[in-house]
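S.K.: Take this structure first; my questions come after.
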Amino acid sequence: MARPRKPLLSTDRIVETARALVDAEGLAAVSTRRLAAELGVSGPSLYNHFRTKDEILEAVADSVSALVDLSMFEDGRDWRTALHDWAVSYRTALRDHPNIVPVLARGPGRRPAALRLADAVYGAMVEAGWPPAQATSIGALMRYFIMGSALGSFAGGFVDDASAYDPADYPHLGQAHLLAEQQEKIDERAFETGLTALLDGLARQYEQVRGTA
């Protein structure tokens, strides 16, 4: 009986395996030796696809950028709705893969999916009537906000021990020990609150821009 063949090594398979490692154990877990073991191949065979660990992490980062929906910039949604829907999709991708955020935060570099994302946002803002300089600022602002929200949980940062919040020292934190158990709800609400405030401010600026156009 013929022995089952191992799946052929491919760039996609390496990236998927590396992304799973990053998700489970963080950036430090990725090495060519560890990846080779996970894939059941020899270490040198990885070099046919990637020269360094950094190249692998760049590819993992781009695979996460590729998860972000960009259709809202092409289907006729107004600029504000498009930005909102894109921000939600972007945050979802980062929330699902938080350990890769430090790599994404370096900027798009030469990563194709990240560059397509930047191009889509900038292009949509200019097409909507924003001056190019302000369109650039909007893209940067949105990235700061979305990535910042993905770097950690506000609610999850509070311990669930009521004794940690002595009312003599922290008179306003009597319910802080309950935050962690509602982490997802609180963090989602905070993101939507901030996103709405941000878009409200941009809408006021947009009225001024259009009024002086």
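S.K.: Please report, in whole Å³, the volume per residue of the convex hull around the C-alpha atoms of region 11-63.
M.R.: Enclosed volume per residue, from the Cα hull, is 64 Å³.
S.K.: Probe radius 1.4 Å, ligands and nucleic acids ignored: give me the carbon and sulfur share of the accessible area of the chain as a rounded percent.
M.R.: Of the solvent-accessible surface of the chain, carbon and sulfur hold 54 percent.
S.K.: Let me ask you something else. What FRET efficiency comes out for Ala162 versus Glu184 if R0 is 25 angstrom and r is the Cβ-Cβ distance? Round to the nearest 0.05.
M.R.: Computed FRET efficiency for Ala162 and Glu184: 0.75.
S.K.: Just to be sure I understand: if I project the alpha-carbon convex hull of region 123-166 onto a plane and average over all orientations, what area do I get in nm²?
M.R.: One quarter of the hull surface, i.e. the mean projection, equals 4.7 nm².
S.K.: Right, something else. Quick one: Kirkwood hydrodynamic radius for region 140-204, alpha-carbon pairs, angstrom, one decimal?
M.R.: For region 140-204, inverting the mean 1/r across all distinct Cα pairs yields 13.4 Å.
S.K.: Given 0.36 nm per residue, what is the gain on full extension from Leu8 to Asp75 after removing their alpha carbon distance, in nm?
M.R.: 20.3 nm
S.K.: Now, a different point. In terms of the ratio Rg/(2.2 N^0.38 Å) built on C-alpha atoms, what value belongs to region 1-99?
M.R.: Here the Cα radius of gyration is 1.37 times the empirical estimate.
S.K.: If you don't mind, there's one more thing I want to ask. Can you tell me the Rg and the Dmax, both Å, for the Cα atoms in region 67-212?
M.R.: Rg then Dmax for region 67-212, in Å: 18.3, 57.
The values are calculated or read from the model by the stated rules, or taken from the named source; none is laboratory data. Please read all numbers here as calculations on a predicted model, not as lab measurements. Here the Cβ is made from the backbone with ideal geometry for all residues, glycine too, and neighbour counts use every protein chain on show. Quick note on the areas: whole protein, heavy atoms, side chains included, nothing else; ligands and nucleic acids left out. Shrake-Rupley method; radii C 1.70, N 1.55, O 1.52, S 1.80 Å.
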